[in-house]
Amino acid sequence: MPSRRALIGGVAASVAAAVLATPQVRAQTQPGVIVVGGGFAGASCARALKRLDRDLAVTLIEPEAAYLACPFSNAVLAGLRGIEAQTFGYDQFGDVALIRKRAVAVDAERRRVRLEDGADIGYTRLVLAPGVDLRFDALPGYDEAAAAIMPHAWKAGAQTLLLRDQLAAMPDGGVVILSAPPNPFRCPPGPYERASLIAHYLKTSKPRSKLIILDAKDAFSKQRLFEAAWQEIYPGLIEWVPLSSGGRVTEVDPATRTLVTEFGDHKADVANVIPPQRAGGIAQSAGVADQTGWCPIDPVTFESRLQPAIHVIGDAAIGGAMPKSAFSANAQAKACAAAVAALVRERPPVQPKLINTCYSLVAPGYGISIAGVYQPRDGLLAEVEGAGGTSPLEAPRSVRELEAAYAEDWFRTITSEVFG
């Protein structure tokens, strides 16, 4: 398993290699590479393209003034972190042209991106990094109006603060229910880190309360590590109900905060419903999403298997064994940028090898992680056998403290690299 310091060091090296020029916003004067989406994937790719080829016209289309990062947002729910620590601007993007409008459609045949104001822009290559959309049609009773009562908080920002405030307002002795979706979804360990940090808040502030996880799966990422930590730190506080025991939520009633399963109804004082997901809407309009709602890609170039000259990276892509995480998005962005930079200059792309690591906080000063190495095989990104692994199950608390520190270091490093 690669050492955590080595992984963080690799990201730090990328930071040192980055050249941050004076912010400059300019219009694209000729077709070049357009990147849609300014999260970890899109912003990383735009930066990497300019590092690789200074003469390449690169345009980043992102309507928001700031990016709200999901990693570490679970700490906001527990009152351990302010939302401002999750907020990053776009004022350090140097020679990357920034268009502060929403991309609403793609004409793949004409190679044009249409903006919300009706303007359209041509491209030689297009990189889509739209993240995920929540499938409000997938769970009866759960729609955008219901999310104002039973927040998902799966996109950082207003929903994060809503769930935080609901937890703060809940009386001691209340019941918190978290509904976890089936695979695939953004950040596989995320619901269980969230449950852990909510449990920390309940233990320290509302000790007579209880947390129930209703899960649409019978197994989850880092399960043995999470369950061992729950037994050690939160005995009797967290109840995990798997699919086989009736954990799959089939319907919700926002008016009564009731979650319905095949085995019975569960009434919550605070309900966190994380619905199924799919690739962001622009992927659907571009014709790069298949019947699953996700985007199949070539694992060497990240070019869509459905539309030529369009590449898809990050959470929206079907990445084979590679999970949907911020670290994955950043790694895919750099590999995609290298492939695109080669293709526009009519050079053959190099086969990549990518790393992912995912840290989870179970409590303040208590971290666990999983790491993997991936390479193209049989048309997918496949895990390199024996190259990854998880934190040791029987590690002393000092190791957990180090993992928590590594997590903080990783977040500072990657956000500095991506957003400046």
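Can you tell me which residues in the stretch 258-289 are closer than 22 Å to Pro182 by Cβ and over 20 Å from the mean Cα position of the chain (by Cα)? Passing the criteria: Thr258, Leu259, Val260, Thr261, Glu262, Phe263, Gly264, Asp265, His266, Ala268, Ala271. The number of residues in the stretch 171-192 being touching a helix residue (DSSP H, G or I) at 6+ places or on another chain (Cβ under 9 Å), surrounded by fewer than 20 Cβ atoms within 10 Å (Cβ to Cβ) and among the hydrophobic types (A, V, I, L, M, F, W, C) comes to 0. In the stretch 223-241, the residue that is nearest to Pro188 (Cα to Cα) out of those that are surrounded by fewer than 18 Cβ atoms within 10 Å (Cβ to Cβ) and not aliphatic (A, V, I, L, M) is Gln223.
Each residue in the stretch 374-411 was checked for being touching an Asp or Glu at 6+ places or on another chain (Cβ under 7 Å) and either over 30 Å from Ala317 (Cβ atoms) or not aromatic (Phe, Trp, Tyr) (or both), and 1 of them qualify.
Considered as a group, the residues in the stretch 247-257 that are more than 29 Å from Asp315 (Cβ to Cβ) and of a type outside the set (S, T, N, Q) include one that is farthest from the chain's Cα centre (by Cα), and that residue is Ala255. Looking at the structure I just gave you, is Thr87 touching a residue at least 40 places away in the same chain (Cβ under 8 Å) and polar (S, T, N, Q)? Taking the combined requirement at face value, the residue does not satisfy it.
Applying the selection to the stretch 194-251, what residues are closer than 29 Å to Pro396 by Cβ, polar (S, T, N, Q) and part of a loop (DSSP other than H, G, I, E, B)? Once the filter is applied, which keeps residues that are closer than 29 Å to Pro396 by Cβ, polar (S, T, N, Q) and part of a loop (DSSP other than H, G, I, E, B), the stretch 194-251 yields only Ser221. Close Cβ contacts (under 8 Å, 6 or more residues apart or on different chains) running from residues in the stretch 124-153 that are farther than 18 Å from Glu64 by Cβ to residues that are among the basic types (Lys, Arg) and surrounded by 17 or more Cβ atoms within 10 Å (Cβ to Cβ) comprise Thr124/Arg111; Leu126/Arg111; Arg135/Arg278; Ile149/Arg257; Met150/Arg257. Note on the stretch 283-317: among residues that are without any contact (Cβ under 8 Å) to a residue 40 or more places away in the chain and among the aliphatic types (A, V, I, L, M), the one that is nearest to Ser73 (Cα to Cα) is Ala317. In summary, strands (runs of 3 or more DSSP E) completely within the stretch 301-420 and bearing 1 or more residues that are of a type in the set (Lys, Arg) and either touching a Lys or Arg at 6+ places or on another chain (Cβ under 6 Å) or surrounded by fewer than 23 Cβ atoms within 10 Å (Cβ to Cβ) (or both) occur at 366-377. Taken over the stretch 286-332, the residue count meeting the criterion of being under 22 Å from Ala387 (Cα atoms) and of a type in the set (Lys, Arg) is 1. Against the test of being surrounded by fewer than 16 Cβ atoms within 10 Å (Cβ to Cβ), at pLDDT below 95 and either under 26 Å from Tyr366 (Cβ atoms) or not basic (Lys, Arg) (or both), the options Asp165, Asp143, Asp137 yield a single qualifying residue, Asp137.
Considering each residue of the stretch 351-403, count those that are free of Cβ contacts under 8 Å to residues at least 24 places away in the same chain and of a type in the set (Val, Ile, Thr), and give that number. The number of residues fulfilling the criteria is 1.
The values are calculated or read from the model by the stated rules, or taken from the named source; none is laboratory data. As the structure is a prediction and not an experimental result, all values here were calculated from the model. With ideal geometry, Cβ positions are generated from the backbone for all residues, glycine too; neighbour counts draw on all protein chains shown.
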